[in-house]
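One structure is given below, encoded as structure tokens.
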Amino acid sequence: MKKYFILVIALCFLKKSNSQQIENQLIKGGVKYETNQPAPFATVLLLMAKDSATYKSAISDEHGNYRFTNIISGKYKVQAIAVGKKSASTAPFILDENHANNTLPDLILKEQEKQLQGVTVSAQKLLIEQHIDKMTVNVEGSIIATGNNVLEVLQKIPGITVDQDGNISLKGKSGVTMMIDGKLTYLSADQLANLLRSMNSSQLSKIEIMTNPSAKYDAAGTAGIINIKLKKNSGEGMNGSANIGYSEGVHAQFNGGVNMNYKKGKTNFFGNFNSYEGKSGRSFNLTRKFYNEDNLIEPSLIMHQYNPQINRNAYQSFKAGIDYNITNKHTIGVMVDGSFSTNKHTVTGPIHFLDKNYLLDSTAISHTQDKNPWHSLTYDLNYKWEIDSSGQEITANFDYSDFGSLMKQNLNTQFFFPDETDYQQPQLRRGRLPSDIHIKSGKIDYTLPLKGNTKLEAGWKSSFVTADNNVQYENFTDNNWKNDTGSTNHFIYKENINALYFNFSKEFKKGWSLQAGLRGEQTVSKANQITIDSLVKRNYFQLFPSIFLRKKLNDNNSIGASYSRRIDRPDYQDLNPFTYYIDQYTYSLGNSFLQPQFTNSFELNYTYKNIIATLNYSHTSDAITRIIRQNNETHIAYETSDNLAKLNNLSLSFSVPVQITKWWNSNNYLNIFRNSYNGIINNGIFNSSRFEYNFNSTNTFTLPCDMKAELSGWYNSKAQNSVWLTDPQYSISFGLQKNLWNKKANLKLNVNDIFNTQRFKAAEKFMDIDMHINNKWESRRIALTFTYNFGNINLKTRDHSNSGIQDEQNRINK
């Protein structure tokens, strides 16, 4: 009996020893999409080969990599799963003492299509994807985006707000740098808004949001970077797409475009053309109250202005280029990117002056007409050397950009008593406001992957900008046009920025990853007011560090932290002290003494599966602020920019995707923030802060008959924007899509702002300013868009989204 007992114990021990965990063992690999791009945050399962039972699970990291440790010996296989993709599996493999370190081939996730109870479920990317240094919003294919311009699409993006003038804020902070396909636009806020209004949503692929960009990017943009990525075609042969759209609110708008790519052997040709033409209107109500120094409670004069406005806009854009593979490691390319627009803006309406008893005292009828044709052309020469198969490479971009506009303006103001008789002669003014901006830029980037999941990056960039504005105004007096010396000004601005950067990234054991970088930028500028012989020179050097740290706690949880220092330089036109007249009583004025603003930004984020929570704090010194100043005697007010001492922003945001049913997916975003302003405005101490919030929800419904629907809405609470207090804003939109001809084509119908609720209402009551604005535009529109795809859909093309000229283009005012 004792012998049998000893034998049983020995067998049990032997069996246990054969199933023990092997020290220092490792199973690792990568997950990629068909495009050979990493597939981050995919679910990876370690399965028993015998019955496919799940032994362990993991989530691929930002680079698509996964690993398993502490596993008993046996026969296994690995499977990767992602939403809208076919699962991918490895062949079975053995894990034992002789095979303790397994590096498996990459798992390739392909598009899927399967039937669910008569409902077609087609592959699509997650709406929101979180990476170590950015958040990606996939808008391609969104029905809600149909028929909208790009600025209207941005309003629907989580964390982004757009005001009545098209100024863009990110998580409650202004100072956003906009990029298109990785290139800086070099446009001012006004010019950028006009460009984005002219671009149709059919051109969009995705939008990348970087609240703390790495040192590889230009240091401009204190709120962060928004990178708009346009659609690209991708194989041997030709492919492309064509689209045509129509939308109508009060007025009609038309758009159309074609996008083509042809690849043969070592040569790849690509190009696109898009066109838009339409008319839009808005109503603008402005009330100002003026007070005597001895009575600051009751106004002595009330000025009420009503201006219906009509915009007529025609816009065309194109891109054309060629890439040539000299060898399998060396590629050279050239590209030209252009856009042309003619914008006609007409404003007509009465300005009523009321006495303290709100009785009509007089009326001015103002008629303003602007015609602003402009063009933008960018030429790019690029080169890429793939040094070895590890990813070591050198890329170079050299760009030249030319922007030109020729605004012509006519202002006519008539003055009447209450009985409609003239009380003074009409005032006639005309202006010629040409602008020419030339930008030269070059940059070289080097990437060196090292052992141990380590990567080094370094680079150089230089840019040279010349902006020439020769503004000329004339007044009609004594039956002749005479030069207005007080408003005429010739301004030339020259700027040179030189930058070097170094970036280090590494993935450590136990789920840790690190990215750290340092960027140094030297700025040399000269602002020359030729008319009055005034010269302002500047020369300064600044360092901009950045660091990102991330820890993967387990398969479902990870945390991250980041810090960066950023700069916002003034727009070129904001430095130009010329006068731009809106009407007889309102104009804008530049400030040649405007200083750049600097921001230190800190961020913590936590991810549970696909749910993301982010805590952000930033401190901005010398905050660039738009302010209003007025003359109480002449009742003339003007807008200008000045530096506020500081601005602090604290925000907490949540991104919550929910799959409610198999056919209903909901993506929800909430941002709660507090802006605190402190400084001197109009010789008064300005201290203000308040809690605000934004909410955004996008719901996608998969329907029978190869159809899909989307319902989205957003809400912005009452907000403090510098001295302005704005009312809440909100909107709801609905869209429907039908795929045709085996998904080679689709038809999209969208109703934007169903309940016509979008408007901008704001008030400023500070020092001697008491002003109220009510602005309503054509936000409710119905749009129909047809898209047809042709050619080889598997065509692979080179990315053309990394030239070096975007930051300078962002500061041009169109």
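Which one is farthest from W663 (Cα to Cα), of the residues in region 78-95 that are open to solvent by less than 50 Å² (accessible area, probe 1.4 Å) and modelled with pLDDT of 80 or more?
L95
Could you please let me know if K384 is under 30 Å from K266 (Cβ atoms), crowded, with 19+ Cβ neighbours inside 10 Å and not β-branched (V, I, T)?
Details: under 30 Å from K266 (Cβ atoms): yes; crowded, with 19+ Cβ neighbours inside 10 Å: yes; not β-branched (V, I, T): yes.
Spelling it out, K384 is indeed under 30 Å from K266 (Cβ atoms), crowded, with 19+ Cβ neighbours inside 10 Å and not β-branched (V, I, T).
Out of N742, N687, report the one residue that is more than 29 Å from the chain's Cα centre (by Cα), at pLDDT below 95 and closer than 26 Å to N774 by Cα.
Details: N742 fails: closer than 26 Å to N774 by Cα.
Step by step, each of N742, N687 is checked, and only N687 is more than 29 Å from the chain's Cα centre (by Cα), at pLDDT below 95 and closer than 26 Å to N774 by Cα.
In region 704-739, how many are part of a strand (DSSP E or B) and open to solvent by 50 Å² or more (accessible area, probe 1.4 Å)? Walk me through it before giving the result.
As a first pass, look at region 704-739 and keep what is part of a strand (DSSP E or B): 704, 707-716, 719-721, 724-726, 729-739.
Within this subset, residues satisfying the condition of being open to solvent by 50 Å² or more (accessible area, probe 1.4 Å) are 704, 707, 711, 715, 721, 725, 730, 732, 734, 736, 738.
Number of matching residues: 11.
Quick one: which residue in I394, I332 is open to solvent by 50 Å² or more (accessible area, probe 1.4 Å) and in a strand (DSSP E or B)? Break it down into steps so the answer makes sense when it comes.
Details: I394 fails: open to solvent by 50 Å² or more (accessible area, probe 1.4 Å).
Going through I394, I332 in turn, just one is open to solvent by 50 Å² or more (accessible area, probe 1.4 Å) and in a strand (DSSP E or B): I332.
Does at least one position in region 525-534 carry a residue that is in a strand (DSSP E or B) and either open to solvent by 60 Å² or more (accessible area, probe 1.4 Å) or within 22 Å of E603 (Cα to Cα) (or both)?
Let us first name the residues in region 525-534 that are in a strand (DSSP E or B), namely 525-529, 534.
Applying the additional criterion that residues be either open to solvent by 60 Å² or more (accessible area, probe 1.4 Å) or within 22 Å of E603 (Cα to Cα) (or both) yields 526.
Scanning region 525-534 turns up at least one residue that is in a strand (DSSP E or B) and either open to solvent by 60 Å² or more (accessible area, probe 1.4 Å) or within 22 Å of E603 (Cα to Cα) (or both).
Out of all the residues in region 61-77, which are open to solvent by less than 10 Å² (accessible area, probe 1.4 Å) and of a type in the set (G, A, S)?
The answer is G64, and nothing else.
Would you pick out the residues in region 740-753 that are open to solvent by 20 Å² or more (accessible area, probe 1.4 Å), among the charged types (D, E, K, R) and in contact with a Ser or Thr (Cβ under 7 Å, 6 or more places away or on another chain)?
K748
Name the one entry in Y306, Y324 that is of a type in the set (F, W, Y), over 24 Å from the mean Cα position of the chain (by Cα) and closer than 30 Å to N774 by Cβ. Let's see the steps before the verdict.
Working: Y324 fails: closer than 30 Å to N774 by Cβ.
It is Y306.
It is to be established whether one or more residues within region 109-121 are open to solvent by 60 Å² or more (accessible area, probe 1.4 Å), within 35 Å of the chain's Cα centre (by Cα) and either at pLDDT 65 or above or under 30 Å from Y276 (Cα atoms) (or both). Please lay out each step first, then the result.
From region 109-121, those open to solvent by 60 Å² or more (accessible area, probe 1.4 Å) are 110-111, 113-115, 117; that's our starting set.
If we keep only those that are within 35 Å of the chain's Cα centre (by Cα) too, we end up with 110-111, 113-114.
Checking the rest, the ones that are also either at pLDDT 65 or above or under 30 Å from Y276 (Cα atoms) (or both) come to 110-111.
Yes, there is a match, as at least one residue in region 109-121 is open to solvent by 60 Å² or more (accessible area, probe 1.4 Å), within 35 Å of the chain's Cα centre (by Cα) and either at pLDDT 65 or above or under 30 Å from Y276 (Cα atoms) (or both).
List pairs: first in region 539-561 and closer than 24 Å to Y608 by Cβ, second in a loop (DSSP other than H, G, I, E, B), Cβ under 6 Å, 6+ apart or cross-chain?
If the second residue must be in a loop (DSSP other than H, G, I, E, B), the pairs left are F548/I132; F548/D133; R550/I132; N556/K609.
Among residues belonging to region 704-728 that are of a type in the set (G, A, S) and closer than 30 Å to T640 by Cα, point out the one that is modelled with the lowest pLDDT. Walk me through it before giving the result.
Here is the first cut: in region 704-728, the ones of a type in the set (G, A, S) are 709, 712-713, 717, 719, 722.
Narrowing the set further to residues that are closer than 30 Å to T640 by Cα leaves 717, 719, 722.
Details: S717: 95, A719: 93, S722: 87.
Within region 704-728, the match that is modelled with the lowest pLDDT is S722.
Collect the residues in region 465-483 that are closer than 17 Å to Q427 by Cβ and surrounded by 16 or more Cβ atoms within 10 Å (Cβ to Cβ), keeping them in residue-number order.
The initial filter retains those residues of region 465-483 that are closer than 17 Å to Q427 by Cβ, namely 473-483.
If the condition is that a residue be closer than 17 Å to Q427 by Cβ and surrounded by 16 or more Cβ atoms within 10 Å (Cβ to Cβ), then Y473, E474, N475 are the ones that fit.
To keep it simple, each residue is scored yes or no on (1) more than 39 Å from the chain's Cα centre (by Cα); (2) under 23 Å from S592 (Cβ atoms); (3) hydroxyl-bearing (S, T, Y).
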site: F464; (1), (2), (3): no, yes, no
site: N469; (1), (2), (3): no, yes, no
site: D484; (1), (2), (3): yes, yes, no
site: S487; (1), (2), (3): no, yes, yes
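Step by step: first the residues of region 7-50, then only those that are at pLDDT below 80 and aromatic (F, W, Y), then the one that is most open to solvent (accessible area, probe 1.4 Å). Which residue is that?
Residue satisfying both the conditions and the ranking: F13.
Can you tell me which residue within region 484-513, out of those that are open to solvent by 80 Å² or more (accessible area, probe 1.4 Å) and part of a strand (DSSP E or B), is farthest from S534 (Cα to Cα)? So that I can check it myself, show each step before the final result.
From region 484-513, those open to solvent by 80 Å² or more (accessible area, probe 1.4 Å) are 485, 494, 500, 502, 508-510, 512; that's our starting set.
The next check asks that each one be part of a strand (DSSP E or B); those that pass are 494, 500, 502, 512.
On the way: K494: 14, L500: 32, F502: 39, W512: 55 Å.
Checking each candidate, the answer is W512.
Residue-by-condition table, conditions (1) touching a His at 6+ places or on another chain (Cβ under 7 Å); (2) under 22 Å from L433 (Cβ atoms); (3) outside any strand (DSSP E or B):
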position	(1), (2), (3)
P299	no, no, yes
R312	no, yes, no
G321	yes, no, no
D337	no, no, no
H345	no, yes, no
A364	no, no, no
P373	no, yes, no
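Any residue in region 270-283 that is more than 25 Å from N307 (Cβ to Cβ) sitting within a Cβ distance under 7 Å of a residue that is open to solvent by less than 40 Å² (accessible area, probe 1.4 Å) and among the basic types (K, R)? List the pairs, counting only those 6 or more apart or interchain.
Qualifying pairs under 7 Å: G271/K319; N272/K319.
Would you point out the residue of region 261-275, among those that are open to solvent by 30 Å² or more (accessible area, probe 1.4 Å) and over 20 Å from T331 (Cα atoms), that is modelled with the lowest pLDDT?
N272
Of a type in the set (D, E, K, R) and over 30 Å from M238 (Cβ atoms): does that describe D355?
Spelling it out, D355 is indeed of a type in the set (D, E, K, R) and over 30 Å from M238 (Cβ atoms).
The values are calculated or read from the model by the stated rules, or taken from the named source; none is laboratory data. Computed from a predicted model, the values in this text were never measured in an experiment. Cβ: placed from backbone, ideal geometry, glycine included. Neighbour counts: every protein chain shown. In case anyone asks, the SASA skips ligands and DNA or RNA and just uses the protein heavy atoms, side chains included. Shrake-Rupley method; radii C 1.70, N 1.55, O 1.52, S 1.80 Å.
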